[in-house]
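Participant: Here's a structure for you.
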């Protein structure tokens, strides 16, 4: 069995995040602390790396709560959960934040940091059945705006447009994919697009 190191080099992390982590370990009263999103992201990463699951759960809960308050905070939360160091962890928190983003989709599309939403997160949001759009073509328009702001636009466009439901561009077709349409919507459903068995 290997020996534990005498110390851990945390110089790559935000100083305020490290100070908060040390305070948590020492059971200091931290009810009045204020963290930047950068420090919060580092603190989430540290708690996950050090397997401090109680702290991680609290931080992810805070992140979800913050994301539901303002569009600015929601965008920052989407960036945090979509970062390379967070994408493979915190699935429950990520899904909750993506659900909030789907509900507030019209607001995030208008935000100045819209293009900063990480590709996999944006793709996840637009593929949700509860995405708040009137027509699927609005998703296409938003995707074009988002792709235009990406460094790797070709890769990003392949990922994003694979999530656009081109076969479900009408309201009725969306209901077919995401749930059984009500009687009033039956007339808008293209029955040729249903996955029926061929006789």
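Participant: For region 32-48, enumerate the residues that are farther than 22 Å from residue 75 by Cβ and at pLDDT 85 or above. Before you say what the answer is, go through the steps one by one.
Facilitator: Let us first name the residues in region 32-48 that are farther than 22 Å from residue 75 by Cβ, namely 32-33, 46-47.
Answer for region 32-48, where residues must be farther than 22 Å from residue 75 by Cβ and at pLDDT 85 or above: 46, 47.
Participant: Considering only residues that are more than 9 Å from residue 17 (Cα to Cα) and in contact with a helix residue (DSSP H, G or I) (Cβ under 6 Å, 6 or more places away or on another chain), which ones fall in region 34-43?
Facilitator: 37, the sole residue that qualifies.
Participant: Okay, moving on. Look through region 67-83, keep the residues that are farther than 13 Å from residue 104 by Cα and in a loop (DSSP other than H, G, I, E, B), and return whichever of them is modelled with the highest pLDDT.
Facilitator: Checked region 67-83; the qualifying residue modelled with the highest pLDDT is 82.
Participant: Against the definition (more than 15 Å from the chain's Cα centre (by Cα) and within 20 Å of residue 44 (Cα to Cα)), how does residue 58 come out, yes or no? Explain how you work it out, then say what you get.
Facilitator: Working: more than 15 Å from the chain's Cα centre (by Cα): yes; within 20 Å of residue 44 (Cα to Cα): yes.
Criteria met by residue 58.
Participant: Another one. Is at least one residue of region 94-105 farther than 26 Å from residue 56 by Cα, in contact with a helix residue (DSSP H, G or I) (Cβ under 9 Å, 6 or more places away or on another chain) and either crowded, with 16+ Cβ neighbours inside 10 Å or at pLDDT 90 or above (or both)?
Facilitator: Narrowing region 94-105 to residues farther than 26 Å from residue 56 by Cα: 105.
Within this subset, residues satisfying the condition of being in contact with a helix residue (DSSP H, G or I) (Cβ under 9 Å, 6 or more places away or on another chain) are 105.
From the residues that got through so far, the ones that are either crowded, with 16+ Cβ neighbours inside 10 Å or at pLDDT 90 or above (or both) too are 105.
Yes, some residue in region 94-105 is farther than 26 Å from residue 56 by Cα, in contact with a helix residue (DSSP H, G or I) (Cβ under 9 Å, 6 or more places away or on another chain) and either crowded, with 16+ Cβ neighbours inside 10 Å or at pLDDT 90 or above (or both).
Residue-by-condition table, conditions (1) at pLDDT 90 or above; (2) part of a loop (DSSP other than H, G, I, E, B); (3) crowded, with 18+ Cβ neighbours inside 10 Å:
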{"position": "20", "(1), (2), (3)": "no, no, yes"}
{"position": "30", "(1), (2), (3)": "no, yes, no"}
{"position": "51", "(1), (2), (3)": "no, yes, no"}
{"position": "60", "(1), (2), (3)": "yes, no, yes"}
{"position": "65", "(1), (2), (3)": "yes, no, no"}
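The values are calculated or read from the model by the stated rules, or taken from the named source; none is laboratory data. Just so we're clear, the structure is a prediction, and the values are computed from it rather than from any experiment. Glycine gets a Cβ as well: all are built from the backbone with ideal geometry, and neighbour counts include every protein chain shown.
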